[in-house]
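The values are calculated or read from the model by the stated rules, or taken from the named source; none is laboratory data. Computed from a predicted structure; not experimentally measured. Reconstructed Cβ throughout: ideal geometry from the backbone, glycine too, with neighbour counts over all protein chains shown. What goes into the accessible areas is simple: the full protein's heavy atoms, side chains included, and nothing from ligands, DNA or RNA. Shrake-Rupley method; radii C 1.70, N 1.55, O 1.52, S 1.80 Å.
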Amino acid sequence: MSNRCLRRTGAGQVVQKLLIKAILERNLIREGDRILIAASGGKDSTVLAWALQQVRPALKTDYELAALHISSDFCACCKKSVLSQKLEAWGIPFTDLFVPIMGRLKPGEKMNCYWCSTQRRTELLRYAVAHKFNQIALGHHLDDIIETFFMNMTAKGELSAMSMVLSYRKYPVRLIRPLGYVEEQQIVACAQEQDILHAACTCPYGMHSQRRDIRNRIARFTDNSSAVKRRIFTALSALPVQGEPRA
Ligand code: SF4
């Protein structure tokens, strides 16, 4: 979808439409669900929180929303007060949980995204179980899903994809990715239109990540075409699900 078309249709409406489509087609939200939104403070999870609240009347489903932000001992890129004010204004309770991620490294171990995201995911799951949430909503979008596929293939020699729904054997919780049908440029347009904060991640460990490199390569070979990216996304739906966390 072109930027001109996004402006005409209304970027927020585009996101809501794709969110509803994903929720209905993939059965992401059911009556009575208690959904914990993993709120990083960035545009993706903040737009997700906004949109999940907006689509309630259209879905005609009764579900509960709350948001959890995980703070750590090395990254302070998120303006928590702004995030909590936004979420509370939308009627979504907000909790900030401090996790000493660096402090958990054993002597000689180095900090990296994989370690960090695994620690965050574990804490998210523990919090959800302890507070009786049965779903965790993540802000990954269509571009994240495509990038992860190429990262798995090139770095691990694995053909697997991030799933839009993931159940755990160990935890009574499902992970859902309701923005899976939404492209990053559509989220950016929505965040601008709705004046949703856009805190860029300044984490020193994420600045030169492999993900950025893959993102640039995908942009080159798809020529940033939405149609091509959506065809790749459709092709990925047939692949085995990847269960490991990613940054
Ligand atoms: S970029 Fe990587 S290291 Fe930094 S907060 Fe995100 S997951 Fe953690």
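Descriptive notes on the structure:
- Condition check for Ile145: away from the ligand (no atom under 16 Å from the Cβ), open to solvent by less than 50 Å² (accessible area, probe 1.4 Å) and aliphatic (A, V, I, L, M): yes
- Conditions (1) farther than 19 Å from Tyr168 by Cα; (2) touching a Leu at 6+ places or on another chain (Cβ under 9 Å); number of the one not met by Lys110: (2)
- All positions within the stretch 167-188 that are open to solvent by 20 Å² or more (accessible area, probe 1.4 Å) and more than 12 Å from the chain's Cα centre (by Cα): Ser167, Tyr168, Arg169, Lys170, Tyr171, Pro172, Arg174, Gln185, Val188
- Qualifying residue in the stretch 155-169 (condition: over 21 Å from Leu83 (Cβ atoms), polar (S, T, N, Q) and modelled with pLDDT of 95 or more): no
- If the condition is being within 16 Å of the ligand (Cβ to nearest atom), surrounded by 15 or more Cβ atoms within 10 Å (Cβ to Cβ) and part of a loop (DSSP other than H, G, I, E, B), then the stretch 66-104 contributes Cys75, Cys78, Ile101.
- Every residue from the stretch 11-48 that is at pLDDT 95 or above and assigned to a loop (DSSP other than H, G, I, E, B): Arg26, Asn27, Leu28, Ile29, Arg30, Glu31, Gly32, Asp33, Ala39
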